[in-house]
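Read through the structure below, which is laid out as structure tokens, and then see the notes.
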Protein chains: 2
Amino acid sequence: MNISTEQKSRRSGGRSARVALRAAPLAEEIRPIRPGMKGGQYKPLTDAQVARIHEAALQALEEIGLSQAPQSGVEAMTAAGAIQGDDGRLRFPRALVEDMLAKAARNITLNARNPKHDLLLEENRVYFGTAGAAVHLVDPINRTYRDSTIQDLYDAARIVEQLDNVHFFQRCMVARDITDNLQMDLNTVYACVSGTSKHIGTSFSEPSHVAPCMDLIHEIAGGEDAWRARPFISNSNCFVVPPMKFAEESCVAMEHCIRAGMPVLLLSAGQAGATAPAPIALAIVQAVAECLAGVVYVNSIAPGHPAIFGTWPFVSDLRTGAMSGGSAEQALLTAGCAQMHRFYGLPGGAAAGISDSKLPDMQAGWEQGITNVMAGLAGLNMVYEAVGMHASLLGFCLESLVLGDDILGQALRAVRGIDVTEDSVSLDAMKAVCLGGPGHYLGTDQTLALMQTEYTYPKLGNRMSPKEWEEAKKPDLLANAVARKQAILDSTGSLMPRELDRAIRARWPIHF
Amino acid sequence: MNISTEQKSRRSGGRSARVALRAAPLAEEIRPIRPGMKGGQYKPLTDAQVARIHEAALQALEEIGLSQAPQSGVEAMTAAGAIQGDDGRLRFPRALVEDMLAKAARNITLNARNPKHDLLLEENRVYFGTAGAAVHLVDPINRTYRDSTIQDLYDAARIVEQLDNVHFFQRCMVARDITDNLQMDLNTVYACVSGTSKHIGTSFSEPSHVAPCMDLIHEIAGGEDAWRARPFISNSNCFVVPPMKFAEESCVAMEHCIRAGMPVLLLSAGQAGATAPAPIALAIVQAVAECLAGVVYVNSIAPGHPAIFGTWPFVSDLRTGAMSGGSAEQALLTAGCAQMHRFYGLPGGAAAGISDSKLPDMQAGWEQGITNVMAGLAGLNMVYEAVGMHASLLGFCLESLVLGDDILGQALRAVRGIDVTEDSVSLDAMKAVCLGGPGHYLGTDQTLALMQTEYTYPKLGNRMSPKEWEEAKKPDLLANAVARKQAILDSTGSLMPRELDRAIRARWPIHF
């Protein structure tokens, strides 16, 4: 505002140099945003409300309990102190829950094949990543949905490998071109690790698939010992079918994963108004109760085994019963859950960044932006489904994935917050400018120093003036996303060493 | 998730009835979101950091002060205790600032011509509205920018009148078809009040225009007494030219407005990295110092006159010097300022919801979504420029205005937060469902009751499944926004009584 002509010409003079400077990649340690920055500045619940929800969850575990645990689970949990009633439900005395909370793993690291992508889940550290089981790939140019394939998953993995602000890659699409379920599980793992060296999430729900998939994983890792030293895949376990029922098969699959040394995500995916209560607070109560039961389960069979407290309540559009992942109610559920994770001091995860829109349009932008920034500011450790997700989880879009990297960059910058240090509030800079100085801060040493270390810049977001934009022939956001996606896919291949890839393809039927 | 076929058919059965129920307008008192809900759950600054910024601002006022106050201002402020130095700068002892803070108006009401739209600026109450001085109207279908006109402003006012989540209408476009500046100021006021009964913001910066515009305003109000009893227009005063300079003409215009009984917005619109320091914290320090000088100014000439603490620091893209209103840095500046407003207990306003994108695309969605929700959660009283603003304030888009109502609805739902009451965490609902009940919450009394009072629904945002969306011929978000805009414009006219309108048009040259 009010910049004189003389200043404007100075500005233009330095512009190209500054743009060039900024275009050079920044050394990791001075990047303004990094994986695992600490959130928590946003607290949707008061301390008393958190305690009230905790109390209600304990009461639900004592009085309602969970039905349908598999026999192996019943044995482990009753041995630990759970009580099976005449109605078959397992109930959990509060002392048992408290004991198991004391044994639960804290401050865990989720390893990545490239250690620089390791995720340290402690305090309010925030990581964003993909997740979900979309059954469609979205083509935003032709505005069509088609069945998703294993090649799509591999493509998504390769793109995530290139995106600074997507910190892990959990399977986000179902390979519908593979009809055999074991082959699908095997190919899902292999597509993920071939595409990215970041931490991988997969989802085995059939117990008998765990052993054959572990064979493949050991081969990838270079043996079982190497795998167990740095397990780079976690398993997303829908171990409950809300409300308050264990999912028998999935629980047994979880037991197998635990024995195989794989970190697990205790995923409770109720839907407020359908499989979870409609009041947001009570939906959180139910999700917390279910995940506390999961903590008892895991720690009664393997004390201290790494497990993520996965309260993922979703939201129904109560008019239709349909899911609404992009709503404010969803953002509140997720943010409230993040506070509960901190209350227990457990590594936690929940869903944000889902769009209900079918396409990467303005609606998708506001839904993904609002839900992701609220999750980040709430200090959620693992923000799942943060990017690429459309149609309330039914469609995944590679162009949206690329655009979402900008959204997550903005969310991370918000999480980083406002630095208040002696330097950043020192009046020296103001005095130098106002008292006999140039009367503006353009080009001062402080301004130039902060250009790279405090300010972030979108990769695809456009900040041109209308005049520049017209002169540049009105660049289109989506067309640029298509181009960036294609450039990544054209320039990247499998991360697997050639010999190993050959050996794996000889032993297993790989479909991409 | 995991809903059985039997449940699904029940769900479909009730669907149309529920949609119809929800389509009926809700009584005001049970609406899930309302103007003036209380934010503040998000605090980017710690208490110690707030105190540190306050301290630095006081020090800046004592040691740097402000230059270029008009003679009338110098007289009033030095009479109150400010000290003019040999360098001409006015410096403000901290005791003077504290005295004037004690006199400043708190918990003020900004009146609207329709009293149901009155704005009560107390505590963390949040109101969203337009503002700015865009010089272009954006046509998002043809992707063109053209000069904005007085008719555009009138159209925007009529649309705002119909949008539940836009709570006030501050002039957002400059009528570039009116070359005479006084006629532009007169027409701006009249276009706003003709279009909407909500509180109006205008911006007189030429002192000699205030009196003739007040004549028109008295005529609209039904006389000066009626105007002074319920002033329904506030004046946005760029009373400083950052850094730390008064804007002489604008200050004199402000004095005239104050004498005319008009609430003022003390607007300090520095740009971090250009006219304000680059560190976010120091940009806040400067804005706070400037607005505290404004508080001294206003209260030295009219103790207790209603004034909004308008710390509006903007952000530069430091690579180019261009403004970036949609950035995370902007959101942090605004949220930090909101916390400073609360520290002083003064009514406050700042900017959020600006997009840097030229069009209402995905970028616009995430920029407007993230910045608005952070402003709301920070408890900002007046969120200016919250809707319709593109190209970093240079373009206003009527279709985006209509879409933005959905964004603001979502931000307001987030501000409302999570109700934790005995009812909302009572286990009765869970027991009834889980212990011998239906095993799901669809159609329970609690779910149906909350459908209208706790859950919000977008007007244009689309939540269809891919199948429904295809059957509905893939409705396009922007096309629907065009249609809603046009429907509003086709069905609404001037709010001015015909006789009064005729009298006004006879006396003043009205251009729309």
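Listed here are the residues, each with its yes/no results for (1) over 30 Å from residue B:491 (Cβ atoms); (2) in contact (Cβ under 8 Å) with a residue 60 or more places away in the chain; (3) open to solvent by less than 50 Å² (accessible area, probe 1.4 Å).
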residue	(1), (2), (3)
B:80	yes, yes, yes
B:99	yes, no, no
B:124	yes, yes, yes
B:132	no, yes, yes
B:143	no, yes, no
B:155	no, yes, yes
B:165	no, yes, yes
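Do we have any residue at all in the range B:319-326 that's within 12 Å of chain A (Cβ to nearest Cβ), part of a strand (DSSP E or B) and open to solvent by 10 Å² or more (accessible area, probe 1.4 Å)?
So the first thing to find is which residues in the range B:319-326 are within 12 Å of chain A (Cβ to nearest Cβ), and the list is B:319-326.
Subset that is part of a strand (DSSP E or B): B:323.
Adding the requirement that they be open to solvent by 10 Å² or more (accessible area, probe 1.4 Å) leaves B:323.
Checked the range B:319-326: at least one residue is within 12 Å of chain A (Cβ to nearest Cβ), part of a strand (DSSP E or B) and open to solvent by 10 Å² or more (accessible area, probe 1.4 Å).
Go through the range A:38-50 and give me each residue that's closer than 21 Å to residue A:411 by Cα, part of a loop (DSSP other than H, G, I, E, B) and more than 7 Å from chain B (Cβ to nearest Cβ). Steps first, answer last, please.
Going residue by residue through the range A:38-50, those that are closer than 21 Å to residue A:411 by Cα are A:38-45.
Cutting the leftovers down to part of a loop (DSSP other than H, G, I, E, B) gives us A:39-41, A:43-45.
Those that are closer than 21 Å to residue A:411 by Cα, part of a loop (DSSP other than H, G, I, E, B) and more than 7 Å from chain B (Cβ to nearest Cβ): A:39, A:40.
A quick yes/no check of all residues on (1) open to solvent by less than 10 Å² (accessible area, probe 1.4 Å); (2) assigned to a loop (DSSP other than H, G, I, E, B); (3) out of contact with any helix residue (DSSP H, G or I) (no Cβ under 7 Å at 6 or more places or on another chain):
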position: A:333; (1), (2), (3): yes, no, no
position: A:338; (1), (2), (3): yes, no, no
position: A:342; (1), (2), (3): no, no, yes
position: A:350; (1), (2), (3): yes, no, no
position: A:353; (1), (2), (3): yes, yes, no
position: A:359; (1), (2), (3): no, yes, yes
position: A:365; (1), (2), (3): yes, no, no
position: A:372; (1), (2), (3): yes, no, no
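Condition (residue is at pLDDT 95 or above, surrounded by 24 or more Cβ atoms within 10 Å (Cβ to Cβ), assigned to a loop (DSSP other than H, G, I, E, B) and more than 13 Å from the chain's Cα centre (by Cα)) applied to the range A:425-439: is it met by at least one residue?
No: zero hits.
How about the range B:444-465: which of its residues are assigned to a loop (DSSP other than H, G, I, E, B), closer than 21 Å to residue B:416 by Cβ and modelled with pLDDT under 95?
B:454, B:455, B:456, B:457
For residue B:422, work out the one condition from (1) surrounded by fewer than 24 Cβ atoms within 10 Å (Cβ to Cβ); (2) modelled with pLDDT of 95 or more; (3) farther than 26 Å from residue A:269 by Cβ; (4) more than 7 Å from every other protein chain (Cβ to nearest Cβ) it doesn't fulfil.
Only one criterion in (1) surrounded by fewer than 24 Cβ atoms within 10 Å (Cβ to Cβ); (2) modelled with pLDDT of 95 or more; (3) farther than 26 Å from residue A:269 by Cβ; (4) more than 7 Å from every other protein chain (Cβ to nearest Cβ) is unmet by residue B:422, namely (2).
Assuming residue A:279 fulfils every condition listed in (1) surrounded by 24 or more Cβ atoms within 10 Å (Cβ to Cβ); (2) in contact with a Pro (Cβ under 7 Å, 6 or more places away or on another chain) apart from one, which condition is it?
In the conditions (1) surrounded by 24 or more Cβ atoms within 10 Å (Cβ to Cβ); (2) in contact with a Pro (Cβ under 7 Å, 6 or more places away or on another chain), residue A:279 misses (2) alone.
Only one of (1) in contact (Cβ under 8 Å) with a residue 60 or more places away in the chain; (2) at the interface with chain B (Cβ under 8 Å from one of its Cβ atoms) fails for residue A:368. Which number is that?
Of everything listed in (1) in contact (Cβ under 8 Å) with a residue 60 or more places away in the chain; (2) at the interface with chain B (Cβ under 8 Å from one of its Cβ atoms), residue A:368 misses just condition (1).
Being over 19 Å from residue A:291 (Cα atoms) and open to solvent by 10 Å² or more (accessible area, probe 1.4 Å), is that true of even one residue in the range A:88-97?
yes
Which of the residues spanning the range B:110-122 are open to solvent by 60 Å² or more (accessible area, probe 1.4 Å) and either assigned to a helix (DSSP H, G or I) or of a type in the set (Val, Ile, Thr) (or both)?
Once the filter is applied, which keeps residues that are open to solvent by 60 Å² or more (accessible area, probe 1.4 Å) and either assigned to a helix (DSSP H, G or I) or of a type in the set (Val, Ile, Thr) (or both), the range B:110-122 yields B:115, B:116.
Please determine, by comparing only the residues of the range A:183-228 that are of a type in the set (S, T, N, Q) and not in a loop (DSSP other than H, G, I, E, B), which one is surrounded by the most Cβ atoms within 10 Å (Cβ to Cβ). Reasoning before the result, please.
Going through the range A:183-228, the residues of a type in the set (S, T, N, Q) turn out to be A:183, A:187-188, A:194, A:196-197, A:202-203, A:205, A:208.
The next check asks that each one be not in a loop (DSSP other than H, G, I, E, B); those that pass are A:183, A:187-188, A:194, A:202, A:208.
Numbers: A:183: 18, A:187: 25, A:188: 23, A:194: 21, A:202: 20, A:208: 13.
Ranking the qualifying residues of the range A:183-228, first place goes to A:187.
Exactly one condition in (1) part of a strand (DSSP E or B); (2) touching a helix residue (DSSP H, G or I) at 6+ places or on another chain (Cβ under 6 Å) is not met by residue B:153; state its number.
(1)
Identify the single condition in (1) surrounded by 15 or more Cβ atoms within 10 Å (Cβ to Cβ); (2) in a helix (DSSP H, G or I) that residue B:500 does not satisfy, given that it satisfies every other one.
Only one criterion in (1) surrounded by 15 or more Cβ atoms within 10 Å (Cβ to Cβ); (2) in a helix (DSSP H, G or I) is unmet by residue B:500, namely (1).
What residue, among those in the range A:51-87 that are more than 14 Å from chain B (Cβ to nearest Cβ) and in a loop (DSSP other than H, G, I, E, B), is farthest from residue A:339 (Cα to Cα)? Don't jump to the end; show me each part of the working.
Step one: filter the range A:51-87 for residues more than 14 Å from chain B (Cβ to nearest Cβ), giving A:69-84.
Then drop every residue that is not in a loop (DSSP other than H, G, I, E, B), which leaves A:69-70, A:81-82.
Details: A:69: 28, A:70: 31, A:81: 28, A:82: 27 Å.
This residue is A:70.
Go through (1) within 8 Å of another protein chain (Cβ to nearest Cβ); (2) under 22 Å from residue A:26 (Cβ atoms); (3) without any contact (Cβ under 8 Å) to a residue 40 or more places away in the chain and name the single condition residue A:464 misses.
Residue A:464 satisfies every listed condition except (2).
Looking only at residues in the range A:381-408 that are open to solvent by 10 Å² or more (accessible area, probe 1.4 Å) and within 9 Å of another protein chain (Cβ to nearest Cβ), which one is nearest to residue A:142 (Cα to Cα)?
A:394
The values are calculated or read from the model by the stated rules, or taken from the named source; none is laboratory data. None of these values were measured; they are calculated from a predicted model. Cβ coordinates were reconstructed from backbone atoms using ideal geometry, including for glycine residues, and neighbour counts include every protein chain displayed. Calculation scope for accessible area: heavy atoms of the full protein, side chains included, ligands and nucleic acids excluded. Shrake-Rupley method; radii C 1.70, N 1.55, O 1.52, S 1.80 Å.
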